[in-house]
Amino acid sequence: MAKRYVYSFGAGKADGSAAMKNLLGGKGANLAEMCSLGIPVPAGFTLTTEVCTYYVDNKNATPKNSARRSRKRSPPSEKTMGRRFASAEKPLLLSVRSGARVSMPGMMDTVLNLGVNDKIVAGFAAEGERAAWDSYRRFVQMYGDVVLGLKPENKDEIDPFEEIIERLKKSRRIESDVELTVDDLKELVDEFKKLVKRRVKKAFPDDPAEQLWGAIGAVFGSWQNDRAKVYRRLNRIPEHWGYGGERPVDGVW
């Protein structure tokens, strides 16, 4: 029997349970349990800790059939939410989150609003133009920070995305982000993408599938970021819970 890498939850049904936190991570296992109890949670699915094990042991590669099975498992989530991933009509945006077997709040990375590009945002804008473009600019900023590494290298360096935002607000003579217009948000998306192209030497990824697996890889890798290491040391969380035997990291989306 082929190994199973993806466990779904949503619409009052779940493949997993709270007893499976070593395989699904704490967040994935608890979402499954909440769903089975009838607690309303957005539909999604969890990549098992074994995918992370493979990712680390095989130089940032994922099992050959994990992507195919993930897409095969996605229709139930799309049906439940009434939206489709990578579609310009009623698009489904995803969150990629971590979940260790013990809680490590804020220590590992997250990517929100994933699955949007210039074409998809136009469809999303039909439901609310400001919400669509604000989600888009936040996604590009977060993906640039978490996945592409465009973040301050020391405490004295200014965040490059925030620098662009502050410069635009100054030119508009406004104080708060909520005062930015839709046209301002569009300009931010454009400026953020130019920043990525200039600093990373490649275009920001428009393919939602590429965005997704880039985010999953970054979440897996964040088990070894500095703040996670310090948190584990202070709270006596074994290092091998992340790498070795069982890996307590999952991507929930």
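Just so you know, all these numbers are worked out from the coordinates, no wet-lab data involved. Just so it is clear, the model here is predicted, and its values are computed rather than measured. FYI the Cβ positions are ideal-geometry reconstructions off the backbone, even for glycines, and counts take in every protein chain you see.
Of the helices (runs of 4 or more DSSP H) that lie entirely inside the stretch 137-236, those containing 3 or more residues that are of a type in the set (Val, Ile, Thr) span 182-200.
Can you find a residue in the stretch 32-54 that is part of a loop (DSSP other than H, G, I, E, B), touching a residue at least 60 places away in the same chain (Cβ under 8 Å) and either surrounded by 15 or more Cβ atoms within 10 Å (Cβ to Cβ) or small (Gly, Ala, Ser) (or both)? Yes, the stretch 32-54 contains at least one residue that is part of a loop (DSSP other than H, G, I, E, B), touching a residue at least 60 places away in the same chain (Cβ under 8 Å) and either surrounded by 15 or more Cβ atoms within 10 Å (Cβ to Cβ) or small (Gly, Ala, Ser) (or both).
Conditions (1) of a type outside the set (S, T, N, Q); (2) touching a Gly at 6+ places or on another chain (Cβ under 6 Å); (3) closer than 15 Å to residue 93 by Cα, marked per residue:
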site: 133; (1), (2), (3): yes, no, yes
site: 140; (1), (2), (3): yes, no, yes
site: 144; (1), (2), (3): yes, no, no
site: 151; (1), (2), (3): yes, no, no
site: 154; (1), (2), (3): no, no, no
site: 160; (1), (2), (3): yes, no, no
